[in-house]
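Scroll down for the structure; my scribbles are underneath it.
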C-alpha cells in the first residue's frame, strides 16, 4: 500500500491548552501504540490533507521533530461541526508482526446492467473494517458491479480479500441496484369532475303541495286581496 510522510512536532500543550495550537493554524493529535508511551503531536493542515482527503488506505511514516520515526496509520479524525475543518487526529502505531484493525475504502467498478434498465444504484458502505498485518493492508477493496441487475446486491459475505479478514457483519449490504421509483399518476381535475357527474344519478325533488283539481297551478298569478270579482251574467 502507499506510504505518506507526515512531519509533526511534539507538543507540550494538552487539554484546554490545545486551543492555542488551533489558533496558531495547526492541528493537535496523538500517537499511541501498544507497549509505548503516548506522544502528543501537532501537524499542519497541508500535511494532513493526503491522509484525510483520500480514497485510499495509507501507511504513515511519522517524522517527529526530535529525530524519531514511527510507522502508523490514521485511526480517527475529529471535525468541527460548523466549519467541517479537522480539529484533532489519532495515529495508531503498527508493528510488522502484529495484526492491525483498519477501515479500507470501497471502490466500485463498472456500470450496472440494472441501472441501464432504469434501476438506481445505492452505495451503502463506503468503507469496510478489516484485520490484517501492515504489509497486507489493501489500498482499497474493489467491487465489480457491472453484472448487477435490478434487485441484485453485494454483501460482506460475497467479498474475499487475500490475507485480509473482514470484520463487518457478513449480512451487511455494500451496494445494491433497486427498482426505479414509480409515482402514482394523478387523475386530471376535469376528468374527475366528469366521472363524478356521470356516476351520479340526477335527483328531482318536488317542493310544495301538489295542486288539486280545480286549483291554479303553482307559479300562476294570484288575485290581490280586496280586488273586485267580476259578476256573472
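Each row is one residue, and each column tells you yes or no for (1) in contact with a helix residue (DSSP H, G or I) (Cβ under 9 Å, 6 or more places away or on another chain); (2) assigned to a loop (DSSP other than H, G, I, E, B); (3) surrounded by fewer than 17 Cβ atoms within 10 Å (Cβ to Cβ); (4) at pLDDT below 95.
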| position | (1), (2), (3), (4) |
| --- | --- |
| 139 | no, yes, yes, yes |
| 147 | yes, yes, yes, no |
| 151 | yes, yes, yes, no |
| 157 | no, no, yes, no |
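Return yes when residue 78 is farther than 14 Å from residue 174 by Cα and over 20 Å from the mean Cα position of the chain (by Cα) and no when it is not. Answer is no for this residue. Based on this model, can you work out whether residue 49 counts as surrounded by 15 or more Cβ atoms within 10 Å (Cβ to Cβ) and modelled with pLDDT of 90 or more? Considered against the rule, which asks whether it is surrounded by 15 or more Cβ atoms within 10 Å (Cβ to Cβ) and modelled with pLDDT of 90 or more, residue 49 comes out as no.
Of the residues making up region 27-34, not a single one is more than 24 Å from residue 105 (Cβ to Cβ), without any contact (Cβ under 8 Å) to a residue 60 or more places away in the chain and surrounded by fewer than 11 Cβ atoms within 10 Å (Cβ to Cβ).
Scanning region 87-99 for residues that are in contact (Cβ under 8 Å) with a residue 40 or more places away in the chain and either touching a strand residue (DSSP E or B) at 6+ places or on another chain (Cβ under 6 Å) or surrounded by 15 or more Cβ atoms within 10 Å (Cβ to Cβ) (or both) gives 87, 88, 89, 90, 91, 92, 93, 94.
In the set (1) surrounded by 11 or more Cβ atoms within 10 Å (Cβ to Cβ); (2) over 12 Å from residue 62 (Cα atoms), residue 16 fails one condition alone, (1).
Exactly one residue out of 45, 8, 21, 4 is within 20 Å of residue 138 (Cβ to Cβ) and not assigned by TED's automatic domain parsing to the domain that holds residue 134, and it is 4. Filtered by the rule that a residue be free of Cβ contacts under 8 Å to residues at least 60 places away in the same chain, out of contact with any helix residue (DSSP H, G or I) (no Cβ under 7 Å at 6 or more places or on another chain) and buried (at least 19 other Cβ atoms within 10 Å of the Cβ), region 52-75 gives 62, 70, 72. Residue 81 satisfies every condition listed in (1) touching a residue at least 24 places away in the same chain (Cβ under 8 Å); (2) assigned to a loop (DSSP other than H, G, I, E, B) except (1).
For residue 102, the criteria (1) free of Cβ contacts under 8 Å to residues at least 40 places away in the same chain; (2) buried (at least 18 other Cβ atoms within 10 Å of the Cβ) hold in every case but one, which is (1). Take the residues in region 5-42 that are part of a strand (DSSP E or B), within 13 Å of residue 89 (Cβ to Cβ) and touching a helix residue (DSSP H, G or I) at 6+ places or on another chain (Cβ under 9 Å); name whichever of them is modelled with the lowest pLDDT. Across region 5-42, the extreme among qualifying residues is 26.
The values are calculated or read from the model by the stated rules, or taken from the named source; none is laboratory data. Here the structure is a predicted model, which means the values were calculated and not measured. Every residue, glycine as well, gets a Cβ built from its backbone with ideal geometry; the counts of neighbours run over all protein chains shown.
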